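Working notes for the structure below.
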Amino acid sequence: MDTIKTENVKKTYTLGKTLVPALNGIDLTIKQGEFTCVVGPSGSGKTTLLNIIGCLDTPSEGTAILFEKYDVSKLNDSEATKLRRDKIGFIFQTFNLIPVLNVYENIEFPLIIQGVPAGERKKRVNALIEEVGLTEFVKHKPEELSGGQRQRIAVARALVTNPELVLADEPTANLDKENGLNILRMMKELNEHHGVTFVFSTHDQRVIDMAKRIIYLEDGKIVHK
């Protein structure tokens, strides 16, 4: 099964009177369960590509099909929101945790939005808290934890909804070497255990070395895949 299939995807932004091309004809297929890394210099289009794949943006031209049935360019706002909520997990370099919620509550929050019953929420949250090694920190708030621990919360939150796809934009950028490697190993294990498709955008050689597949972008084009 194809998780992602793009055909001639182009994206152009308007900056004043200037047209700025971000993507220039992306043809790409990513299969279910792949652990893929998108790399390239700043301005190569990595984040733009992830935003389109994640239904946070739409192509100016071309098609991006998710899960063999959803055309990103044809989704309205409510359909895109539902697709992100139910099928896609996001991991950001800045964690994007809710400061007033503790570890358990941050991980549980997406399930509350989905309307998952309390018993099922508890089962899923507790299982992932154990899997990412945060059992003794369930009542801690983000400010009481290290960067590595906060990123573990973000990973658990991304996976708790049982997504088909996880998008990670520079997930190790704010972590030291040891924590970065630990997070990567954990995501690789979760990828293999849950069969979830992972797509990373990164400059980090540690991520690149661990990826099963590397896609190189330059000037909005794939130069090697």
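A short reminder: the numbers here are calculations on the coordinates, not readings from a lab. Treat the numbers as computed from the prediction; the structure is a model and nothing was measured. Neighbour counts are summed over all protein chains in view; Cβ atoms, including those assigned to glycine, are modelled from backbone coordinates with ideal geometry.
Numbers below:
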{"read-out": "Among the listed pairs LYS5/LYS122; LYS10/LYS82; LYS74/LYS122; LYS188/LYS221; LYS31/LYS122; LYS5/LYS123, those beyond 29 Å (Cα-Cα)", "value": "LYS5/LYS122; LYS74/LYS122; LYS31/LYS122; LYS5/LYS123"}
{"read-out": "Inter-probe distance in nm under a simple model that places probes 7 Å from Cα toward Cβ, at ILE98 and GLU61", "value": "4.3 nm"}
{"read-out": "Surface/4 of the Cα convex hull for segment 31-72, nm²", "value": "3.5 nm²"}
{"read-out": "Spin-label model distance (nm) - GLU68 vs ASN174, 7 Å beyond Cα toward Cβ", "value": "3.8 nm"}
{"read-out": "Cα gyration tensor category, rounded, prolate or oblate, for segment 153-225 with a/c compared to 1.5", "value": "oblate"}
{"read-out": "Relative packing of peptides 187-200, 119-132 - highest average C-beta neighbours within 10 Å first", "value": "187-200, 119-132"}
{"read-out": "For the chain: relative contact order, % (alpha-carbon pairs under 8 angstrom, 6 or more apart)", "value": "31 percent"}
{"read-out": "Residue (of ILE65, ILE4, VAL39) at the positive-pole extreme of segment 1-91, dipole from beta-carbon charges", "value": "VAL39"}
{"read-out": "Cα-centred dipole magnitude for the chain, charges only on beta-carbon of K, R (+1) and D, E (-1), debye, nearest 20", "value": "180 debye"}
{"read-out": "nm² value of the averaged projected area, convex hull over the Cα atoms of the chain", "value": "12.6 nm²"}
{"read-out": "Cα-projected label distance for ASP2 with ASP209, points at 7 Å along beta-carbon direction, nm", "value": "3.4 nm"}
{"read-out": "Fraction of antiparallel bridges per DSSP, segment 2-224 only, in percent to nearest 5", "value": "50 percent"}
{"read-out": "For segment 144-167 versus segment 2-67, the gap between their alpha-carbon centres in whole angstrom", "value": "23 Å"}
{"read-out": "Top positive-direction residue, dipole computed over segment 77-161 with Cβ charges, set VAL155, LEU111, LEU101", "value": "LEU111"}
{"read-out": "Tensor-based shape of segment 93-200 (alpha-carbon gyration tensor, a/c under 1.5 rounded, otherwise prolate or oblate)", "value": "oblate"}
